[in-house]
Each structure stands twice: as C-alpha cells, then as structure tokens.
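Q: My questions all concern the structure below.
The values are calculated or read from the model by the stated rules, or taken from the named source; none is laboratory data. Treat the numbers as computed from the prediction; the structure is a model and nothing was measured. Neighbour counts run over all protein chains shown; Cβ positions are idealised from the backbone, glycine included.
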Amino acid sequence: MGMRVRKSATLLLVLVFLIASCVMAVNPVFSSAAVAEDSWARKAPMHQARAGLGVIAVNGKIYAIGGTTVSTSNAYRGGFVGTNEEYDPATDTWTYRKPMPTPRAYFAIAAYGNKIYCIGGTVGVSFDERTRFYSYIESDVNEVYDTVTDTWETKKTLPYAQMELQATVVNGKIYVVGGASTYVYDPKNDAWTLKKQAPASHPWPVTVDNRLIVTGEYSKLHGTPKQTIFIYNAETDNWSEGASGPIVVVEGTAAATTGTKAPQKIYVIGLAVEQYPPPSVNQVYDPKADAWTKATAMTTTRKDFDVAVINDILYVIGGHLYLSGQVTSVNEQYMPFGYGTVPPKVSIASPENKNYTSGNVSLVFTLNKPALWMGYSLDGKENITVTGNITLVGLTDGLHNITVYAKDEYGNVGASEPVAFTIITPPTEPFSATALAAAAAALATALVAGALIYYKRKRSH
C-alpha cells in the first residue's frame, strides 16, 4: 500500500484547540410530526460517533463506514476506525456490519451494483521532531465491501495516495475527484485512468442524468472566491462552467435528487465562509435552469460529515460539531423541495411508429417508479386499466394512436408521449380465371378416369 505525508502547521492545531474549548453545541430535538418539504428531522443516531466517515446508499439501506473518533483538538491522535454500520430508514435502526479492513478517514466512497468502494484517505498521523509539524499519512488503498455477503476484498490501488477525496458513479465508472486530480476507476476491469483535474478547490461531485457535475470553491488568480458549478464532458475530457452560487460553502458536501420523487436538483450543504462562527448553509442548484436558490440550513452546525440519498430524501450523518470540535453520531433527514410532486415517467417501447401486418400488437411500457394505477387510451377513447404489459387484440386496419398513464402514491399522474402506428393486414388472394380453368380440367379428368375404371370392372363381371 503506497503512502505519502501531508504537513499541517502546529499553529493550526493550537487554534483549533482554542476554538474547541469555547462553546459546546446543543443538539435540537425534533417532534414526531410529519416532515414537510424543505425541512429537517432528527433520526436515530449511529452507534459510534465519527467524523470524516464515508456514507453511501445501496438497495434502500445506508452504510456509514470508517472515520475518526477523536475531536478536532485531538486530531494528532488519529483515532481512525474501520467501523461499518448499516442504517435502515424503514425501521430507523442501525446494525453493525463487518468493519473495513484498513481503518481510515477522509476517503472517497461510491456504490456500484451491490458493492461499496472505499478509496484512498488518511490512515495515520506522524510528528516531525525537526519541523514540529504533525502530518497526515495518506493512503492509496482501494477496498470493496459486498453488501450481500458482508465481506471485503482489495482491488487495484489508487495511482496516487490522497485524502479528502469524493467519488460518484457515471455510466458504470467511478470518478474519484480531489483537489489535485481526477481519476476514473473501471470496476469491471479493475483499472484506473487519469483525467483532467476539476477546476474547483475541494470539489464535490454528483451524477445528474449520467453527467458528472462538480461544485466547489473556485477563484481565478487574484479573483473573488465563488461557489461554482463545473460540468465534465467525457468525450473531450474538458470542464465547462455553470452559474455561481450566492454563498461559498466549505467543510461540507453535495448530493443530488434524481427526479423520481423530488425535482432533480443538487443540494450543497456545509458552512459559509468569511463568517464567524460560520452558519450552516444549504444551497440548491437546478441543472436544467442553471440557477441557484436557498434552502433551509442543517440544524446541527458541523463539518466532516457525509450524506446519502434514498428515494430522493437526504440523510446527513456524523461529523465534527463546529464550535466544540467533538465528534457526533447525529443523523438528520432532509426532505427536499417538491417532494411527492413528481409524476411517474412513462415510456412506451411497443408499439412503435410504424406499420404492422397483424391486428394483434404488443403493448410494452416502463415506469421509473412504482404506480398505484396504470392504464391506456387507444384512439382517444376512455382509459382501460392494466396491471402491466399486454397484447392489443383485434385492431382494425388504419391509423391508431395510444397513450399510457400511471398514477403514483401521491396522486400524481404521468403520461407517455403518444405513439401513432398503422395496421395494414395483407388482402386475401381471389381465384384467377386460369386457376379456375385448371381446377375444372383436373376435375373433368378425374371424372373420366373414374368412369373408365367403373366400365372396365363391369365388363369383367
């Protein structure tokens, strides 16, 4: 396992200690009332308080892996763990799973299939007697957790040992983004590729419509820092710039809603810069409109946390409480804007916009989420309820059109694009005059032959 060392000034640790010794943060208590959109609710905390951990969602469960158990004032002690806890949002409970083999913090985490990839990070702290500096020992380890078998395995290491990494999956590839590089890992071939570095400092990547989008602090030489969006083009290996956010956010991360249950947006959660004490910030970027809005900030002011998304609901877990520097096990749920207002997306695979030679045509369609009701309208007539794909029987010749509808649990109705198709059944061939003459001749020959046989038999008797 390759490692390298990052130096951090002793003065910084002293300042952190002074800040940590001031005011202790008080955790708020939430009621059990239903949570409205753009609001936070407290959920069951982790068993073990940790910061700098990795949090990821797989098959409806959240996994909180690794991290450090020491406060910011005791950062020189490391406190790195491989703890692996599974959270079930349905029951609001945590369960211990097999720990990560290499205890570490501030690593990249991503999920592909049923597996979780934990890449890089810091595995220890060293002290230089000559310079009086503490140093983080950075790692290139790549360990993979199988959520089905509860086992770990080691894969090809990151080409360059790093910490403070973030990752996301785009088109089956894991993009690992940091301040110094962007690497792409191919899980199928266990291979790494170096790509063009994201322009932002401390970039936070998300995936939107199979596109890699990164947000982070960005400033040109002698320019004013700004919260910027960068979109990656895999074909050209280049980054393009989107709109800037109103507030520069640090010590946080970003997460995206998919558009299944909440509108497709990117939530940037962390602390505001150039303010003391820095307030929590929750900014929302709309990739379609290329515009920003403000949202309700996280109630527990903290850093070094991570976030996971299940069914378009955000779960922000762990971290260091900002004022005290203590580690926390807090688990806060955020209900995004417009939750429960997105209708099902319906797509028709068959019939297609073409001619069919039979009056029996398959109706095949897909939905992006479960539906309480499905139906179709043929040629503008009343909807006919279905429970899935069927065969349309006895369609008459001519032009037809069909639209499929679906209603979700919130009463939102989605409709497919209408599909026009034509039925042209082949005509039945009539008997021609030649065919009739041939048939008559054959019949006459058969009659004559039969008469001759009868005559001969009668003569023989």
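Q: Restrict the check to region 344-357 and report whether at least one residue is part of a loop (DSSP other than H, G, I, E, B), without any contact (Cβ under 8 Å) to a residue 60 or more places away in the chain and within 17 Å of Y405 (Cα to Cα).
A: Quick first cut of region 344-357, residues part of a loop (DSSP other than H, G, I, E, B) only: 344-345, 351-354, 357.
Adding the requirement that they be without any contact (Cβ under 8 Å) to a residue 60 or more places away in the chain leaves none.
The answer is no, given that none of the residues of region 344-357 is part of a loop (DSSP other than H, G, I, E, B), without any contact (Cβ under 8 Å) to a residue 60 or more places away in the chain and within 17 Å of Y405 (Cα to Cα).
Q: For T207, state whether it is within 18 Å of the chain's Cα centre (by Cα) and at pLDDT 90 or above.
A: Numbers: within 18 Å of the chain's Cα centre (by Cα): yes; at pLDDT 90 or above: yes.
The answer is yes for T207.
Q: Give, as residue ranges, the strands (runs of 3 or more DSSP E) completely inside region 36-137 that count at least 3 residues that are surrounded by fewer than 16 Cβ atoms within 10 Å (Cβ to Cβ) and without any contact (Cβ under 8 Å) to a residue 60 or more places away in the chain. Write out each step before concluding.
A: Details: elements: 39-43, 54-58, 61-65, 84-88, 93-97, 108-112, 115-119, 122-128.
Ranges flagged: 93-97.
Q: Would you kindly identify the strands (runs of 3 or more DSSP E) lying entirely within region 211-260 that contain at least 2 residues that are crowded, with 16+ Cβ neighbours inside 10 Å, assigned by TED's automatic domain parsing to the domain that holds A110 and aromatic (F, W, Y)?
A: 226-233
Q: Being in contact (Cβ under 8 Å) with a residue 24 or more places away in the chain, over 17 Å from G270 (Cα atoms) and not basic (K, R) is the requirement here; does A180 meet it? Break it down stepwise before answering.
A: Values: in contact (Cβ under 8 Å) with a residue 24 or more places away in the chain: no; over 17 Å from G270 (Cα atoms): yes; not basic (K, R): yes.
No; evaluated as a whole, the condition is false for this residue.
For (1) assigned by TED's automatic domain parsing to the domain that holds N355; (2) at pLDDT 95 or above; (3) not aromatic (F, W, Y), each residue gets a yes or a no:
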site	(1), (2), (3)
Y376	yes, yes, no
D379	yes, yes, yes
G388	yes, yes, yes
L392	yes, yes, yes
H400	yes, yes, yes
V413	yes, yes, yes
F431	no, no, no
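Q: Say we look at region 269-309 and pick out the residues that are among the small types (G, A, S) and not in a loop (DSSP other than H, G, I, E, B); which of these is modelled with the lowest pLDDT?
A: Residues of region 269-309 among the small types (G, A, S): 270, 272, 280, 289, 291, 295, 297, 308.
If we keep only those that are not in a loop (DSSP other than H, G, I, E, B) as well, we get 270, 272, 280, 291, 308.
Numbers: G270: 95, A272: 92, S280: 95, A291: 96, A308: 98.
The selected residue is A272.
Q: Are any residues in region 185-199 under 19 Å from the mean Cα position of the chain (by Cα) and crowded, with 18+ Cβ neighbours inside 10 Å, and if so, which ones? Show your work before the answer.
A: Filtering region 185-199 for residues under 19 Å from the mean Cα position of the chain (by Cα) gives 185-188.
Scanning region 185-199 gives a single hit, Y185.
Q: Among residues belonging to region 270-301 that are crowded, with 23+ Cβ neighbours inside 10 Å and in contact (Cβ under 8 Å) with a residue 60 or more places away in the chain, point out the one that is nearest to the chain's Cα centre (by Cα).
A: Y285
Q: Shifting gears a bit: Mind checking which pairs have a first residue in region 234-247 that is farther than 12 Å from Y285 by Cα and among the small types (G, A, S) and a second that is surrounded by 15 or more Cβ atoms within 10 Å (Cβ to Cβ) and modelled with pLDDT of 90 or more, Cβ under 9 Å, 6 or more apart or different chains?
A: Filtered contacts from region 234-247: A234/V170; A234/K173; A234/V184; A234/K195; A234/L212; S240/F230; S240/I231; S240/Y232.
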